[in-house]
Structures are given as C-alpha cells and as structure tokens.
Amino acid sequence: MSDAVVVRYMLTGGTFGAADERAAVYALQERLREALAGQGAGEVSGNEFGGGEVALFLDGPDADRLYTAVEPLLRGFPHRPARATLRYGEAGDPTSVRREVDLDAGLVGPPPARPEPDPRTQVAVEGDVFRIPLDDARSVFGQVVAKEGMAGTFGDALLVVVFDALSLDAVDTADILLIANTFDDCLVAGDWPIVERRPVSADVPWPVYKESTTSIGTFVVDHFGNHFRVATPHEARTLKSRTQCSPAIVAEAARAAFGVGDWLDRYDRFIPDESATVARVIHG
C-alpha cells in the first residue's frame, strides 16, 4: 500500500505565483527531500503550480509517518491559506480514505481506519514480465529487471522497465520506454498481472545515481544504493539522486506516454538516461 500527502499553499503572484514564491517552493522541496530521506519516511514526488496556488506531492508507505516527518517544515512555510490531505491507500483505490489538515491547526483527532490490505496474489521475481492496463482495451508491458527484498511495510524493492510495446509479442524487439525504482505493491496485488518470465536483456540501461553523506562525501551508487566509488565534482553536480517511487506513479507515467492522461514533469525521471548508466559512468 502506498500512502501520500498532498500539501497546498496559496500564492499571491498570479496563476503560477511570483518568481520569488516559486524559488521559495523549490527550496522547501529540497528541505522536505532531506528530511524524508533522513528518516526513511518517503519521497517528494513533484509539484504542480496553477490557479494561484502550488501543490506538493509526497509519497510513502505510511501517511501519518510521512506527515509527521515534515510537519515543522510544512507549518513553517509562510504562505496561507495552507492545507494538507493525507491519503491512506493507493491513488484511485475506491477503498482509500483521506484526512484533511489545516496547517495552522496541525493534526486533529485519531487517523481514520485503514481498509484491510488485499491478499498477496502473486510474488514478483527477477525476469517477470507484467502488463499495466492503459484503458479498457489496451495494456503496456514491462519487466522486473532486478529485485532486492526490503523489510517492513515497503515490501520488495524492484527496478522495473516499461517497454514501448502494446502486445507481448512486441516485447522482444521493443525499446525501453521507462525505467524506475519502485515496490512490488501492484504486482503482488494483481493490479499488474504477471504474464510470463523471461531472461533479462543485457541491453538494460542500468542506472547510476549520486548519494551524499554529510560527513563522508558524495558517491556514485546503483539502483539499490550500492556504492561504486566517490563521485567526481561533475558527477556530484549532474547525477540525479536515487529515489524510490510508488507503482501508481509508474503506471501514471506509462499511461501518459501512450496519451492516457497528461505527461507531467515529475515523469521525466523515468526516461532512460544513457549518459548516467553503469556502462557509461563506471565502465566507460
């Protein structure tokens, strides 16, 4: 189960806020990322400006823990009115429940009761090919290319790819459209049905990232955080930080790539970057 917190602040500088307001929001996002990473509570998955306000999207396995980890930062940001919505459950799940919070008042009362989790109907392993429904008639296909078990509510951490393929027969020759670090929620619940298992291609663009440790330095790491070496100054500036995202966001990006919904900036991180791969950065 993937929870979320959506925070909304009113802005004063027109539809998208003034330049200094947007800069302040970006700075807040970075502080939120650091706070969440330090407590292992989740991630900042994006923002949306419009209508004279900004929405910040936070994802994690527990909405209460997610909110508590960043509450002082959220309440300290000066723009008002300000409110937060805590979502308990996957986006689009009709059984999910929500809790509205006034950031001037903080959390009030006990959290709502969570729905019972769906039973695990399938177990994902490396090589599994799955399909993500796009609409009532079409599905796109993907594959688990790496798996690492993680204890607790996160479930199993996966590296998955989504192919530019709308049929199983097209997978062998299809390009990799998206690549993402995610969890096995949708697979074990059957939302992404596993259709077969096949060897992982040697052509997977295995990604590398940067990981900064305050007292030690910045390192080049792989998709599961294994350190390769100390990052060069250029790599420290240009490599992305490694983030784990909910399967729901991967599915949204896959649908948007095929015109089902709008493509949002936060989906850009799933586009394979040939300049930031093990082959290029480590072995190049």
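The values are calculated or read from the model by the stated rules, or taken from the named source; none is laboratory data. Just so it is clear, the model here is predicted, and its values are computed rather than measured. Note that each Cβ is placed from the backbone with ideal geometry, even for glycine, and that neighbours are counted across all protein chains shown. When the accessible area is computed, the model is the full protein with side chains, heavy atoms only, and any ligands, DNA or RNA have been set aside. Shrake-Rupley method; radii C 1.70, N 1.55, O 1.52, S 1.80 Å.
Numbers below:
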| quantity | calculated |
| --- | --- |
| S275 paired with V260, simple spin-label distance in nm, labels 7 Å along Cα-to-beta-carbon | 3.3 |
| Positive dipole terminus of segment 140-284, leading residue within L178, P207, Y267 (C-beta point charges) | P207 |
| Normalised per residue, the volume of the convex hull around the Cα set of the chain (Å³) | 146 |
| Length added when fully stretched, D136-D175, from 0.36 nm per residue minus Cα-Cα | 11.7 nm |
| With DNA, RNA and ligands ignored, accessible area of H283 (1.4 Å probe; Å², nearest 10) | 140 |
| Full-extension gain in nm, E34 to S241, via 0.36 nm per residue minus C-alpha separation | 73.4 nm |
| Positive-end residue of H79, V97, A63, charge dipole of segment 3-99 with Cβ unit charges | H79 |
| Amide H within-cut-off set for R242, under 5 Å, with H built and near neighbours excluded | K210 |
| Accessible area of the chain divided out per residue, in Å², using a probe of 1.4 angstrom | 49 |
| Expected 222 nm ellipticity per residue - DSSP helices of 4 or more, -39500 (n - 2.57), all of the chain, to 500 | -6000 deg cm²/dmol |
| Accessible-area composition of segment 54-115, carbon plus sulfur, in percent [1.4 Å probe] | 58 |
| Label-to-label distance, nm, for residues given as A27 and T85 (7 Å Cα→Cβ offset) | 2.9 |
| Whole-percent carbon and sulfur share, accessible surface of segment 236-284, 1.4 Å | 48 |
| Charge dipole magnitude, Cβ of K and R +1, D and E -1 - the chain, Cα centre, debye nearest 20 | 680 |
| Over segment 177-280: Rg over Rh, Cα atoms, Kirkwood Rh | 1.01 |
| Relative contact order computed over segment 1-149 (Cα-Cα under 8 Å; 6+ residues apart), in percent | 23 |
